[in-house]
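Below is one structure, written out as structure tokens, with a few remarks after it.
The values are calculated or read from the model by the stated rules, or taken from the named source; none is laboratory data. No experiment lies behind these values; they were computed from the predicted model shown. Positions of Cβ are backbone-derived with ideal geometry, glycine not excepted, and every protein chain shown enters the neighbour counts. Please note that ligands, DNA and RNA were not included when accessible areas were found on the heavy atoms of the full protein model with its side chains. Shrake-Rupley method; radii C 1.70, N 1.55, O 1.52, S 1.80 Å.
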Amino acid sequence: MSSIRTTPDALAHLLGGEVVGDRQLELTHLRSLESADPGSISFLAQARFLPALRASDAGCVLISPDLRDEVSGRRSAVLVDQPYLAYARLSQWWAAQRRDLQAGVHPSAVISPDAHLADDVFVGPGAVIDAGAVLASGVRIGPQVWVGARVNIGERTDIRSGVRIAADSQIGRDVLIHPGVVIGADGFGFAPSPQGWVKIEQLGRVVIGDRVEIGANTCIDRGALDDTVIEEGVKLDNLIQVGHNVRIGAHSAMAGCVGIAGSARIGKGCTVGGGAIILGHLELVDGVHITAATLVTRSIRSPGQYSGAYPFESNRDWEKNAATLRSLHSLRDRLRALEKQMEKTQS
Amino acid sequence: MSSIRTTPDALAHLLGGEVVGDRQLELTHLRSLESADPGSISFLAQARFLPALRASDAGCVLISPDLRDEVSGRRSAVLVDQPYLAYARLSQWWAAQRRDLQAGVHPSAVISPDAHLADDVFVGPGAVIDAGAVLASGVRIGPQVWVGARVNIGERTDIRSGVRIAADSQIGRDVLIHPGVVIGADGFGFAPSPQGWVKIEQLGRVVIGDRVEIGANTCIDRGALDDTVIEEGVKLDNLIQVGHNVRIGAHSAMAGCVGIAGSARIGKGCTVGGGAIILGHLELVDGVHITAATLVTRSIRSPGQYSGAYPFESNRDWEKNAATLRSLHSLRDRLRALEKQMEKTQS
Amino acid sequence: MSSIRTTPDALAHLLGGEVVGDRQLELTHLRSLESADPGSISFLAQARFLPALRASDAGCVLISPDLRDEVSGRRSAVLVDQPYLAYARLSQWWAAQRRDLQAGVHPSAVISPDAHLADDVFVGPGAVIDAGAVLASGVRIGPQVWVGARVNIGERTDIRSGVRIAADSQIGRDVLIHPGVVIGADGFGFAPSPQGWVKIEQLGRVVIGDRVEIGANTCIDRGALDDTVIEEGVKLDNLIQVGHNVRIGAHSAMAGCVGIAGSARIGKGCTVGGGAIILGHLELVDGVHITAATLVTRSIRSPGQYSGAYPFESNRDWEKNAATLRSLHSLRDRLRALEKQMEKTQS
């Protein structure tokens, strides 16, 4: 990993901005305002972080042209219209400099003679690729990954260490899947019988669109008969459970520990906060935003923000309020009785 | 994977039903009513799906004899007493046709010379089987699985890719364990001391009964001294946490993201909805059903349904109601005061 | 695994206690009071378990000197000041007797020629160690583990089967990491753009202190720019999500299924109950204790216990109370109106 060097001038060229201050300052790190030093680039995403900017030693800062006055005394800055987006793009350039792209198939990988690998794929040590799998150009398979039979993986998709992709899954292009993810395990389907639960074999697939990212140890189950579908541009954080036959619309994003039960349909451009649970067979239209730790128990037909977590408080207050909550219905009845009495009194 | 062909006649024979319509219609797919075509078999599990049946192109449908009139104009149907159970059994037959059962031990697997494997087991690439492990007839070990020392696995049990089974675990017959499951990791046990937490070594085992199914990335910890026990026929979904010394009674089923804290005892035939948390050292009797996202804080002595999630609503309404909830106790006090005043007023 | 034999005398020597009864009784098992037999050692952690002690067949019991009278009729006992802590230490001695420490590097492991391994490390079958990784003396790497480039692992740290440690992570000494853990996957960071989410590359590291324990399938994401930090002595249970740039203070402990969103800062000596969610960019001071299933939505500046779960009840009661909760705000308004009327009436 060689070190990275850049300048405000080069940054302005890369990100499309205007330099203020020293154009040739040597910059070797990308850091938060708090930990930046004179060799560091940082960024100001929102005006409410101005105190941090003022206290920061950053050699160069990406900042909105509106805040030009804030950087007049600084060593350097690059004025960009959307500093957070510019930072995202700079982070990608930075990562690309550091990336150490190996190619080829490690001799310890076990590749079926009936798998089809493009010439330039990378397959790490201990990976297993089953018969009929198709890996397109630029695909990267990390160490100890399992790719099941007839799995199809699109161009440039990056599968990290220890991911499990069961037979017949379809993965798009430019997808990123983090370690420990399980795609295509059986959905949870059983029919009751006098002898106990009878397994319903899960015969559908998982279909994942382009530019999806899936966080560590997240699970996406295969469909029972039809497919489970994750549309393009969806971003899933770690430890999320996606049940069989779920559909998640394009560009929706979900935070860690979310659970989506079977056959739920989530619209496009939705967001779901950490730990929220969405019950099965519901439909959420496009543009629905679910607050963390909310249980969604019925379909949502209008875009907007929905919430449902108990407000936390000191344990002492919680005990009193929770006890009262248990008798809330009778409180309501008592209130109604009082209202009637009051009416009589006043009439 | 060769294609599958069947007929209404063959289905009636397999499932024990009566054919209506074309007995020799060629059927090549098993599909939901919505996506079925004339070559597809589908099923009607409940009368409320009749509109979907009427709109469906399915060539053959499994349906209750009560609804015979609904299929008189269709190409074919098979009348069966319990269509959902019949569908479950058909799905098993279907999966069996597609199954490509390899046998033997892959040369890249690492098998201790002191492990005992029946002649017909399958062990996939990169699997590791430690000393003293016993694999009975028909056991299947997927790629990259780890089976620890002295683990015992019963007949026909199917362990999928990347499962980890720690030393001394006992697994029954006809068990199915999905990718990424961890069985027998240490339970969470520490004694406080002035120098910090002191580890309590976890010396018990995990014991799993026959016909259990365990979903992807679920974790079942070993006992501290006694064993953690999952009784026969239990079905666990993905990403479930089962703490040390938990006992789950026969034929109980739990949805994804459930957490069961240490030493909880769950009865037989219970169900637990997704994301519910059951605290430690509690006892739930047989036939308890816990709604999704409920926190169970004390033992439950009577069968029935128990719930406890905050009802979700628009964020605007939630903010108002949650703020009021924080002062619920004082509301109660004010109501009581009013009632007393009213009594005085009226007397 | 040879069997273990000890005596009350040897226990008193090991744990620093006083023997009551037969000093030379042969003891071969460590068991709970309930399942102990005359060859077993057990312990009494709290006086409320005295009925279990009286019913127990345990040959020897670790017990507080205060309860000396309780053991006068028993075969043997060892009086120790803190029986639970003594049991923890005995469990460690017991585990050490059973431990079967292999050494060396398994020939199927794939070790980069540019990795640095101390002479006495153990590396299990199928493990992969990338360039620049440094494994200190006594480190144990389980089967099928992946250790990324430039990862640093301190003395005696024990990494169990199937753990994934991404590049540049720093792991302290005497750390224990259970199967399936993922350390250093990308944090969840994206900038919105008209074309969808733009990835923010995660350029920070994960830094884990000494004597940390991490439960199965838990995920700790790398920082965006600065590091994610788990301080010394922290204990994390299974299936926990720790977002990017989180800091968890020394000796804090968290139960299973907890989620900590990005940039949250948890103090020292905190505890978090199972399934709790802590939102991002919050700060919890030292000594904060969060009850299970609580959603923490703002910073907590005072030590103490905080709670926020809906109290569970029968589904019937829950339905009535939850419906009323939805109109809680109007209940409050009606109460206020009544109070005003009452004032008028009384004046």
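Descriptive notes on the structure:
- Matching entry among B:Glu313, B:Glu339 (being of a type in the set (Asp, Glu), surrounded by fewer than 24 Cβ atoms within 10 Å (Cβ to Cβ) and closer than 17 Å to A:Gly275 by Cα): B:Glu313
- Of all residues in segment C:155-170, exactly one satisfies the criterion of being of a type outside the set (D, E, K, R), within 20 Å of the chain's Cα centre (by Cα) and open to solvent by 10 Å² or more (accessible area, probe 1.4 Å), namely C:Gln170.
- Looking across segment A:34-49, the residues that are within 20 Å of A:Gln82 (Cα to Cα) and at pLDDT below 95 come down to A:Ala45, A:Gln46, A:Ala47, A:Arg48, A:Phe49.
- Check on B:Leu25, touching a strand residue (DSSP E or B) at 6+ places or on another chain (Cβ under 7 Å) and surrounded by fewer than 21 Cβ atoms within 10 Å (Cβ to Cβ): yes
- When segment B:151-182 is filtered for residues that are closer than 19 Å to B:Gly126 by Cα and in a loop (DSSP other than H, G, I, E, B), the ones remaining, listed by number, are B:Val151, B:Thr157, B:Arg160, B:Ser161, B:Gly162, B:Val163, B:Ala166, B:Ala167, B:His178, B:Pro179, B:Gly180, B:Val181.
- Residues of segment B:223-249 that turn out to be of a type outside the set (Lys, Arg), surrounded by fewer than 24 Cβ atoms within 10 Å (Cβ to Cβ) and closer than 19 Å to B:Arg205 by Cβ, as a count: 6
- Verdict on B:Ala309 being without any contact (Cβ under 8 Å) to a residue 40 or more places away in the chain and either within 17 Å of A:Asp333 (Cα to Cα) or in a helix (DSSP H, G or I) (or both): no
- Residue that is nearest to B:Gly262 (Cα to Cα) [pool: residues in segment B:298-338 that are more than 7 Å from every other protein chain (Cβ to nearest Cβ) and basic (Lys, Arg)]: B:Arg298
- Taking segment B:69-97 as the range and being under 17 Å from B:Thr7 (Cα atoms) and outside any helix (DSSP H, G or I) as the test, the residues that pass are B:Arg74, B:Arg75, B:Ser76, B:Ala77, B:Val78, B:Leu79, B:Val80.
- Residue within segment A:92-112 that is within 23 Å of C:Asp168 (Cα to Cα), crowded, with 19+ Cβ neighbours inside 10 Å and among the basic types (Lys, Arg) present: no
- Among (1) open to solvent by less than 10 Å² (accessible area, probe 1.4 Å); (2) more than 7 Å from chain C (Cβ to nearest Cβ) - the single one B:Ile200 does not satisfy: (2)
- When each of A:Val296, A:Val285 is tested for being within 38 Å of the chain's Cα centre (by Cα), surrounded by fewer than 19 Cβ atoms within 10 Å (Cβ to Cβ) and of a type in the set (A, V, I, L, M), the lone residue that passes is A:Val285.
- Condition met for B:Ser64 (more than 26 Å from the chain's Cα centre (by Cα) and either closer than 26 Å to B:Thr28 by Cβ or loosely packed, with under 13 Cβ neighbours inside 10 Å (or both)): yes
- Some residue of segment C:42-54 being within 11 Å of another protein chain (Cβ to nearest Cβ), open to solvent by less than 50 Å² (accessible area, probe 1.4 Å) and in contact with a strand residue (DSSP E or B) (Cβ under 8 Å, 6 or more places away or on another chain): yes
- Positions within segment B:256-272 being touching a Leu at 6+ places or on another chain (Cβ under 9 Å), within 12 Å of chain A (Cβ to nearest Cβ) and open to solvent by 10 Å² or more (accessible area, probe 1.4 Å), in sequence order: B:Cys257
- Taking the criterion of being assigned to a loop (DSSP other than H, G, I, E, B), touching a residue at least 60 places away in the same chain (Cβ under 8 Å) and not small (Gly, Ala, Ser), the residues of segment C:1-55 that qualify are C:Met1, C:Ile4.
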